[in-house]
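The values are calculated or read from the model by the stated rules, or taken from the named source; none is laboratory data. Small disclaimer: the values here were computed from a predicted structure and weren't measured. All Cβ positions, glycine included, derive from the backbone under ideal geometry; neighbour counts span all protein chains shown. All accessible areas refer to the heavy atoms of the entire protein, side chains included, with ligands and DNA or RNA removed. Shrake-Rupley method; radii C 1.70, N 1.55, O 1.52, S 1.80 Å.
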Amino acid sequence: MVGAMMHTRRIRILGTGKYLPSRQVTAAQLDEKLGKPQGWVLKKSGVRVRHYADGETVSQMGAKAAWAALEAASLTFDDIDCVICTSSVPEQPIPCTAALIQKEMNQGDSGVPCFDVNSTCLSFLAGLDLISYLVDAGRYSRVLLVAPEIASLGLNEAHAESAILFGDGAAAVVIGQSQPGESSGIRAARIETYGSGYELSQIRGGGSKYPFRNYRPDDEAPFLFEMQGEALFKKTSKLLPAFLERLFKEADVCMDDLKLVIPHQGSAMAMRLLQKKLGIPHEKMMNFIENHGNMIAASLPMGIHEAVQANRIRRGERFALIGISAGISLGGIILEY
């Protein structure tokens, strides 16, 4: 169902956590590696430094972020009754990455249900939207959503303008049901997909269309990230204003009602577009791409974590998660923290 009016879902963010690999790659280092003039990468990407995984797996990074979120919530794994991985690229095709995260947390015999939700950059938003109904209904009490991403392994350096955008890392959020007297909840959520633009952002290889058995070292392009940046920018520019109007109408809010807007950190250009189209005041815009890069699905939960740590959102305040993903999909959630 797209866009029906809905009641506030009684969910509360109990804790957040993050993990960044220790290896840092600066814009200046990428200038040199890609043979670009000094300052080119920073100007194009807006990213001064990003982190790349160095021998770590997605599940290992996810487990570290998950433990951090549990600690922040003053909970243990025994308090969790569901684990959802909300990343864009799985660690392996089978089983789900959430099961691998459970194992990395040394909880592989716990029996706690694990599954993945994938909507590329909007995976966390989609996972939170879906699971919030089950938490609100009492099906689950406390859910651990984990978004670990290793983008660096799939970058195509021949397409420098997209390759310079990304960074690796993981973020996690623990949610539970709001208690009587607490106003925390989801006021509205919306996702719209326009599959006519699927070719504008994709990795073609690795599935059943281009299985790995077709991989050739002299033609690895199908297995690397492809993005038609200008066409993607044009299409989303046309779709975004009306989408945001519908989201705000469902939530019965305006920009003045929001303490903060946390956008997917896709690129500096994409965030400037979003800020202009929405009319977001500078003080309400959560921007941390400079020190993280585009972390795909980890971007939105990382934004929540950074906002909470910096006291940019406090209990009782409303904020928005907004993003664009391959598909092409647009997504947004209006929450009260």
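Modelled this way, with points 7 Å down the Cα-to-C-beta line, the labels at Asp252 and Lys36 are 4.7 nm from one another. The relative contact order of region 125-184, computed from alpha carbon pairs under 8 Å that lie at least 6 residues apart in sequence, is 38 percent. Here the spin labels are modelled as points 7 Å beyond Cα on the Cα-Cβ line, and at Glu245 and Phe233 they lie 2.4 nm apart. Residue separation of Thr76 and His159 scaled by 0.36 nm, minus their Cα-Cα distance, works out to 25.5 nm of gained length.
Contact order for region 157-249, expressed relative to its length and based on alpha carbon pairs under 8 Å spaced 6+ residues apart, stands at 30 percent.
Each other residue within a Cβ distance under 12 Å of Met271 adds +1 if Lys or Arg and -1 if Asp or Glu, for a net charge of +2. Scanning residues 5 or more positions from Asn294 or on other chains, those with amide H under 5 Å from its amide H are Phe166, Gly167, with H placed 1.01 Å from N in the peptide plane.
Per residue, the accessible area of region 203-288 comes to 58 Å², computed with a 1.4 Å probe over protein heavy atoms only. Between Arg216 and Met285, full extension at 0.36 nm per residue minus the direct alpha carbon distance yields a gain of 20.5 nm.
Phi angles of region 173-189 translate, via the Karplus equation with coefficients 6.51, -1.76, 1.60 and θ = phi - 60°, into HN-Hα couplings of 9, 9, 10, x, 7, 5, 8, x, x, 9, 9, 4, x, 9, 7, 6, 8 Hz per residue; Gly and Pro are given as x.
The 3J(HN,Hα) values that the Karplus relation (6.51, -1.76, 1.60; θ = phi - 60°) gives for region 43-49 are, in residue order, 5, 6, 9, x, 10, 7, 8 Hz. Gly and Pro appear as x.
Extension gain for Met269 to Gln92 (0.36 nm times residue separation, less C-alpha to C-alpha distance): 60.5 nm.
From the helices alone, meaning DSSP H stretches of at least four residues, give me the mean residue ellipticity at 222 nm for the chain, per-run term -39500 (n - 2.57), in deg cm²/dmol to the nearest 500.
-9000 deg cm²/dmol
When only Cα pairs below 8 angstrom with a gap of at least 6 residues are kept, region 55-194 shows a relative contact order of 30 percent. Listed by chain and number, the lysines placed with their C-alpha closer than 18 angstrom to that of Lys36 are Lys44; residues fewer than eight positions away on the same chain are left out. Each Lys or Arg adds one and each Asp or Glu takes one away; over the other residues whose Cβ falls under 13 Å from the Cβ of Ile328, this sums to +1.
Distance from the C-alpha centroid of region 283-301 to that of region 133-175: 11 Å, rounded to the whole angstrom. For the residue pairs Lys234/Lys276; Lys43/Lys234; Lys18/Lys209, the C-alpha atoms sit more than 23 angstrom apart in Lys18/Lys209.
As a fraction of the 1.4 Å probe accessible area of the chain, surface on carbon and sulfur atoms comes out at 50 percent. Each DSSP beta bridge with both residues in the chain is either parallel or antiparallel, and the antiparallel ones are about 75%.
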